[in-house]
Amino acid sequence: MAGDRPDRPADLRLVGPALAAWTGAAGAGLTEPAPAVLLIAALLLGATLVCAVLLVRRAHIWRPAATGLAVLACLAAGVLAAGIAARGRLHGPLADLDGMRAVATIEGTLTGDPRVSPGGNTQLVIVPLRVERLTAAGRDLRLRQPMLVLATASGWAGLLPSQRVRADGTLAPPRAADTVAAVIFVRGPPVVVGGPSMVQAAAAHLRQGLRDAVSGLDGPRRGLLPGLVVGDTGNLAEDVKNNFRVAGMSHLVAVSGANCAIVIAAATILVRRSRCGPWLRAGWVALALLCFVVLARPSPSVLRAGVMGLIGIVATGGGRQRGAIPALCATVLILVLVSPDLARSVGFTLSVFATAGLVILAPGWRDALSRRLPTWLAELLAVAVAAHVACSPVLAAIGGGVSLVAIPANMLADCAVAPATILGVLATMAAVCCMPLARLLAALAGVPCEWLIMIADIAARAPGAQIGWPTGPLGALALVAVTTATLGAVRRRRGRSLLAAAAIGAVTVELIVMVRPVGS
């Protein structure tokens, strides 16, 4: 468990600045700030920096004022970073063309993997693009703006990040609060004018090697293993995806902190016995982590886990074992200021909340449970409950409902995740030079994958596996209130009895509803 040491108080100095920057970036991204708001934010940022310079040598004033100044500075920086980006998208040269629904020729670079969204008889491919040249309505524009390509022709799904393409289509304005400057509907195939970078080409080769290695497995396992290892769910069946979602296990096929932790641990073990100095060892571990981030594609959760891991690696190389809370706060602060759109990303929010639950809630709950349960079971239960409690309000807010089987399902799945991931990584590496060995390792990884598929299937079919819940901020607040009341009741014997009786009654009613005759 990556928590702070119990014999020293947690370092919370970065909590306020991180939350302030996150709030400022999210608010400015959702509501386009007026120029006056950006001017006030700039003046506030400048004023706090001047105050910090003037007070830094006066320790009796500086220490109590430092946190407040940092919070104000980070709030202003978050508003500026997101506000400038939002105004650039909404009032840039594309704004007028979007409104005219102009026919345009674009040229740009892919910033992520194409996603296939089947619908009816037409297969829609969604491609994130950074447009760098646009010709429309007699104008030839040079710019650098994010754009979303919606294509119905073949040739788009196989493109790689960093490839440069050209296409013709019809421009359309983005939806409110979108993170792109425009949307373009394309009916023809792309014209590739530049190949992928060497790094992206190597990553694509490794990902294809894993797909080839799992080609001999049956359908569900063939689709699940690439999802566990590198987040590649292109071949994962829809019914399996739905089972994982209802069971509260969908995070297993979205690369996040667990995968990065496995890579860091493996690399640390490999370099620990070398004669290299601490900084050189840290450099090798960081290189392994960066390679994995490129391989898995830098999604919001991967970015959070990667930056947090790098902060921990640098701290270890310098001989300073930093706590998990400062590392998490520093990660949030860096990412929302460098890439303000992450402040409104659901994946980033879930990743941060889950990590916060593990480092704040889980250690205390583990210690309390270990008085009544074996240590290994207390650890497993505390981790599953903490992650579920932290993420459930976010999932409820976006309409994901509330899973009642997520805790037992994740406890049972935990024993299979690490073996499947490690064997999958080894199969990916072996596919470069020895495909028979890669297929053998993939077959071994298929055993824990089968266990995960079975757990998700059983949990998803359980009575009352998922219940509906109000969406939006009010739904999230209601779930927080219910969770708080439930945790308070669990601490008392009478409360535990009432909760057990309520659970038995709810399951009984659900079973009666399931087995009653159709006409009754």
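I need the full set of residues from the stretch 443-462 which are in a helix (DSSP H, G or I), open to solvent by 60 Å² or more (accessible area, probe 1.4 Å) and either more than 16 Å from LEU236 (Cα to Cα) or modelled with pLDDT under 90 (or both), in order please.
We begin by selecting, within the stretch 443-462, every residue in a helix (DSSP H, G or I); these are 443-460.
Now restrict to residues that are open to solvent by 60 Å² or more (accessible area, probe 1.4 Å): 444, 447, 450-451, 454, 458.
Those that are in a helix (DSSP H, G or I), open to solvent by 60 Å² or more (accessible area, probe 1.4 Å) and either more than 16 Å from LEU236 (Cα to Cα) or modelled with pLDDT under 90 (or both): LEU444, VAL447, ILE458.
Being surrounded by fewer than 21 Cβ atoms within 10 Å (Cβ to Cβ) and without any contact (Cβ under 8 Å) to a residue 60 or more places away in the chain is true of LEU440. Of the numbered criteria (1) in a helix (DSSP H, G or I); (2) free of Cβ contacts under 8 Å to residues at least 12 places away in the same chain; (3) open to solvent by 50 Å² or more (accessible area, probe 1.4 Å), the one ALA489 fails is (3).
When TRP279 is tested against the conditions (1) assigned to a helix (DSSP H, G or I); (2) within 18 Å of ALA416 (Cβ to Cβ), the lone failure is (2). Per this entry, ASP168 is counted among residues that are touching a strand residue (DSSP E or B) at 6+ places or on another chain (Cβ under 6 Å), open to solvent by 10 Å² or more (accessible area, probe 1.4 Å), over 17 Å from HIS91 (Cα atoms) and of a type in the set (Asp, Glu).
If you take the residues in the stretch 204-248 that are in a loop (DSSP other than H, G, I, E, B) and open to solvent by 70 Å² or more (accessible area, probe 1.4 Å), which one is nearest to ASP414 (Cα to Cα)? Break it down into steps so the answer makes sense when it comes.
To start, the set of residues in the stretch 204-248 that are in a loop (DSSP other than H, G, I, E, B) comprises 214-218, 231-237, 247-248.
Subset that is open to solvent by 70 Å² or more (accessible area, probe 1.4 Å): 216, 235.
Details: GLY216: 25, ASN235: 23 Å.
Only one residue fits best here, namely ASN235.
Scanning for something assigned to a loop (DSSP other than H, G, I, E, B) and open to solvent by less than 60 Å² (accessible area, probe 1.4 Å), does the stretch 88-98 turn up at least one residue? There is at least one residue in the stretch 88-98 that is assigned to a loop (DSSP other than H, G, I, E, B) and open to solvent by less than 60 Å² (accessible area, probe 1.4 Å).
Inspect the stretch 132-146 for any residue being under 22 Å from the mean Cα position of the chain (by Cα) and farther than 19 Å from ALA204 by Cβ and give the result as yes or no. Yes, the stretch 132-146 has at least one match.
Name the residue that is most open to solvent (accessible area, probe 1.4 Å), counting only residues in the stretch 463-480 that are of a type in the set (A, V, I, L, M, F, W, C) and in contact with a Pro (Cβ under 9 Å, 6 or more places away or on another chain). So that I can check it myself, show each step before the final result.
First pass over the stretch 463-480, keeping only residues of a type in the set (A, V, I, L, M, F, W, C): 465, 467, 469, 474, 476-480.
Right, trim to in contact with a Pro (Cβ under 9 Å, 6 or more places away or on another chain) and you get 476-480.
Working: ALA476: 19, LEU477: 116, ALA478: 40, LEU479: 11, VAL480: 68 Å².
Here the answer is LEU477.
Only one entry of ILE325, ILE311 meets the criterion of being among the hydrophobic types (A, V, I, L, M, F, W, C), open to solvent by 40 Å² or more (accessible area, probe 1.4 Å) and farther than 20 Å from LEU426 by Cβ, and that entry is ILE311. The single condition from (1) open to solvent by less than 30 Å² (accessible area, probe 1.4 Å); (2) within 28 Å of the chain's Cα centre (by Cα); (3) modelled with pLDDT under 90 that ALA177 fails is (1). For the stretch 390-413, a residue qualifies if it is under 19 Å from the mean Cα position of the chain (by Cα), open to solvent by 40 Å² or more (accessible area, probe 1.4 Å) and either at positive phi or not β-branched (Val, Ile, Thr) (or both), and the qualifying residues are LEU395, GLY399. Selection of the stretch 399-441 for residues being outside any strand (DSSP E or B) and among the β-branched types (Val, Ile, Thr) yields VAL405, ILE407, VAL417, THR421, ILE422, VAL425, THR428, VAL432. Among residues of the stretch 155-183 that are within 17 Å of ARG115 (Cβ to Cβ), those with a beta-carbon under 6 Å from a residue that is open to solvent by 50 Å² or more (accessible area, probe 1.4 Å) and of a type in the set (D, E, K, R) at least six positions away or on a different chain give the pairs THR179/ASP341.
The values are calculated or read from the model by the stated rules, or taken from the named source; none is laboratory data. In this text, all values refer to a predicted model and were calculated from it rather than measured experimentally. Neighbour counts are summed over all protein chains in view; Cβ atoms, including those assigned to glycine, are modelled from backbone coordinates with ideal geometry. Heavy atoms of the whole protein, side chains included, go into the accessibility calculation; ligands, DNA and RNA do not. Shrake-Rupley method; radii C 1.70, N 1.55, O 1.52, S 1.80 Å.
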